[in-house]
Amino acid sequence: MPKQNYAITVAGGGSTFTPGIALMLLEEMDRFPIRKITFYDNDADRQEIVAKACEIYFKENAPEVEFGYTTDPAVAFTDIDFVLAHIRVGKYAMRELDEKIPLKYGVLGQETCGPGGIAYGMRSIGGVLEILDYMETYSPDAWMLNYSNPAAIVAEATRRLRPDSKILNICDMPIDLEEKMAHMVGLKSRKEMQVGYYGLNHFGWWHKIYDSQGNDLMPEIKEHMAKNGFADAISDTNQHVDESWKHTFQKARDVYAVDPETIPNTYLKYYLFPDYVVRESNPEYTRANEVMEGREKMVFGACKEVIEKGTAADCGFEADAHATYIVDLARAIAENTMERFLLIVPNEGALENFDSTAMVEIPCIVGSRGYEKICQGAIPQFQKGLMEQQVSVEKLTVEAWIEGSYQKLWQALTLSRTIPSASIAKNILDDLIQANKDYWPVLS
Ligand code: NAD
Ligand code: G6P
Ligand code: MN
């Protein structure tokens with residue numbers, strides 16, 4: 001792709017993250033010039049609120065950028081270079097059920113882990129494939145940067161069903177945690193570190209961290225983790241700031257204690273301490289409620305205010321600085337920067353003692369031809385055991401979706417470390433089927 005002004009489509013135009021990302025794109029224009037931004041969503045009413053407000057913002061702050069929004073795939077996906085995809089199939093109403101149904105059976109409710117993640121995966125696969133297909137139909141040279149969740153299951157589905165498509169699956173959790181670790185050791189930015197990492201999405205570990213002179217930063221970071229987890233480490237995001245996130249960063253100390261040789265992703269708490277997570281949960285009020293009353297109200301409130309006033313001046317919109325990794329990734333493709341990113345990619349030997357067909361999260365070098373994996377060698381027995389179980393959950397979920405198999409989805413739930421028995425798995429599954437009948441394929 002030659003250096004030019006790029007055309008971007010944001011899929012999930014009505015997302016709570018869209019205004020922050022759109023403003024971030026404008027702030028980064030000197031690094032990544034944009035000629036056209038189009039929002040696409042399949043919920044016209046929801047998108048309208050976010051898009052109208054952004055339209056006003058763009059007119060006032062970047063009139064040179066052609067801005068539009070649509071629910072028509074032909075309009076959204078024609079003549080574009082990148083799709084930034086963050087859709088939530090079923091929206092927050094379904095996230096709430098994903099979290100609350102398992103809790104009825106004493107099992108944790110989380111949007112991407114355990115039964116909630118499996119349920120969400122069964123909804124997301126079709127939505128993400130649909131967008132990928134639109135992109136390939138209308139702009140065959142474009143790339144999709146996907147951060148729609150649950151990324152592990154979505155990535156496995158694209159590996160199985162669209163193996164040749166130009167999609168990069170990426171998660172922002174390691175970015176925030178790397179930012180925190182950089183600050184623990186007195187560096188200004190995570191970009192001053194080079195890391196070794198292996199795992200699945202929301203299920204991984206850092207095993208090497210060096211500064212730009214090659215000094216080993218692990219001893220100092222380990223000392224900090226043993227005392228405080230990620231709790232008192234600063235980062236530049238305003239995304240993970242609610243009380244429940246603070247607990248998660250604190251709990252990382254206990255997660256770290258289980259294997260003091262590596263630094264864990266915060267999401268491992270759901271697999272290593274599921275009983276604790278259930279005890280801490282309120283079955284009547286979960287993270288979905290917190291987000292609906294917090295981020296969703298705030299973002300939509302701000303958008304409505306912009307629309308009513310007819311101006312975005314003093315509207316409180318903020319660029320999402322944390323999301324600049326999306327521009328870094330798009331630039332890596334567009335301008336062949338060969339920057340390193342943790343991506344979710346087919347293993348194919350990068351972790352030498354692990355399933356070669358697994359979608360793993362590892363460092364990759366990204367350039368205009370896509371990614372090249374950086375081998376992480378053999379993984380330790382503890383991580384291997386955990387990952388083999390979890391990757392089987394993810395693979396069985398995708399197989400269940402493809403084949404419409406009740407049996408395989410029951411097996412997926414039964415294998416999840418978060419569920420104590422096959423009978424509880426079955427009860428949860430039967431409730432989830434009822435709740436998801438508008439979204440899941442029919443299972444038999
Ligand atoms: P949201 O519900 O506010 O927004 C999602 C939007 O997607 C909605 O407007 C919805 O109408 C739309 N949508 C649903 N199905 C669609 C389809 N088939 N086609 C087009 N649009 C569709 O959700 P949110 O909280 O803003 O999160 C958006 C997504 O981003 C979620 O999947 C979330 O998990 C993910 N996310 C991922 C990361 C990461 O690190 N990977 C970080 C943050 C958010
Ligand atoms: C992290 C994860 C994302 C996830 C988000 C959830 O950033 O990497 O995959 O979507 O947290 O945040 P929320 O505020 O919606 O609970
Ligand atoms: Mn993530």
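Tabulated data for the structure shown
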{"item": "The range 243-276: number of residues that are hydroxyl-bearing (Ser, Thr, Tyr) and within 16 Å of ligand 3 (Cβ to nearest atom)", "result": "6"}
{"item": "One residue from 18, 9, 38 being away from ligand 3 (no atom under 16 Å from the Cβ), polar (S, T, N, Q) and within 20 Å of residue 120 (Cβ to Cβ)", "result": "18"}
{"item": "Some residue of the range 70-78 being touching a strand residue (DSSP E or B) at 6+ places or on another chain (Cβ under 7 Å), under 19 Å from residue 5 (Cα atoms), among the aromatic types (Phe, Trp, Tyr) and touching a residue at least 40 places away in the same chain (Cβ under 8 Å)", "result": "yes"}
{"item": "Breaking point among (1) more than 13 Å from ligand 1 (Cβ to nearest atom); (2) under 30 Å from residue 290 (Cα atoms); (3) touching an Asp or Glu at 6+ places or on another chain (Cβ under 7 Å), for residue 217", "result": "(2)"}
{"item": "Qualifying position, being in contact (Cβ under 8 Å) with a residue 40 or more places away in the chain, outside any strand (DSSP E or B), farther than 29 Å from residue 273 by Cβ and among the polar types (S, T, N, Q), among 397, 418, 357", "result": "357"}
{"item": "Enumeration of residues in the range 131-165 that are more than 15 Å from ligand 1 (Cβ to nearest atom) and surrounded by 18 or more Cβ atoms within 10 Å (Cβ to Cβ)", "result": "136, 139, 142, 143, 159"}
{"item": "Matching strands (runs of 3 or more DSSP E) fully within the range 12-88 where at least 2 residues are over 24 Å from the mean Cα position of the chain (by Cα) and at pLDDT 95 or above", "result": "34-40, 66-70"}
{"item": "Qualifying positions in the range 25-56 - under 20 Å from residue 327 (Cα atoms) and not hydrophobic (A, V, I, L, M, F, W, C)", "result": "27, 28, 30, 31, 33, 35, 36, 38, 40"}
{"item": "Flag if residue 120 is in a strand (DSSP E or B) and without any contact (Cβ under 8 Å) to a residue 60 or more places away in the chain", "result": "no"}
{"item": "Test result for residue 326, of a type in the set (A, V, I, L, M), in a loop (DSSP other than H, G, I, E, B), at pLDDT 95 or above and surrounded by 19 or more Cβ atoms within 10 Å (Cβ to Cβ)", "result": "no"}
{"item": "Among residues of the range 286-308, those that are touching a Lys or Arg at 6+ places or on another chain (Cβ under 9 Å) and more than 16 Å from ligand 1 (Cβ to nearest atom), counted", "result": "2"}
{"item": "Set 75, 128: member being under 30 Å from residue 331 (Cβ atoms) and within 11 Å of ligand 1 (Cβ to nearest atom)", "result": "128"}
{"item": "Residue identified as farther than 25 Å from residue 112 by Cα and either hydroxyl-bearing (Ser, Thr, Tyr) or at pLDDT 95 or above (or both) among 358, 334", "result": "334"}
{"item": "Helices (runs of 4 or more DSSP H) contained entirely in the range 192-303, each with at least 2 residues that are more than 24 Å from residue 103 (Cβ to Cβ) and either touching a residue at least 24 places away in the same chain (Cβ under 8 Å) or of a type in the set (Val, Ile, Thr) (or both)", "result": "218-228, 243-258"}
{"item": "Condition met for residue 178 (farther than 23 Å from residue 291 by Cα, assigned to a helix (DSSP H, G or I) and more than 16 Å from ligand 2 (Cβ to nearest atom))", "result": "no"}
{"item": "Residue count for the range 184-222, restricted to those that are closer than 30 Å to residue 348 by Cβ, polar (S, T, N, Q) and away from ligand 3 (no atom under 16 Å from the Cβ)", "result": "2"}
{"item": "Residue match in the range 95-115 (condition: among the basic types (Lys, Arg), more than 16 Å from ligand 3 (Cβ to nearest atom), under 30 Å from residue 392 (Cβ atoms) and in a helix (DSSP H, G or I))", "result": "yes"}
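Yes/no per residue for (1) surrounded by 18 or more Cβ atoms within 10 Å (Cβ to Cβ); (2) among the small types (Gly, Ala, Ser); (3) within 16 Å of ligand 1 (Cβ to nearest atom):
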{"site": "173", "(1), (2), (3)": "yes, no, yes"}
{"site": "176", "(1), (2), (3)": "yes, no, yes"}
{"site": "182", "(1), (2), (3)": "yes, yes, no"}
{"site": "186", "(1), (2), (3)": "no, yes, no"}
{"site": "192", "(1), (2), (3)": "no, no, no"}
{"site": "196", "(1), (2), (3)": "yes, yes, no"}
{"site": "223", "(1), (2), (3)": "no, no, no"}
{"site": "229", "(1), (2), (3)": "yes, yes, no"}
{"site": "234", "(1), (2), (3)": "no, no, no"}
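The values are calculated or read from the model by the stated rules, or taken from the named source; none is laboratory data. If you're wondering where the values come from, they're calculated on a predicted model, not measured in any experiment. A quick note on method: Cβ atoms are made from the backbone with ideal geometry, for glycine too, and the neighbour counts reach across all protein chains shown.
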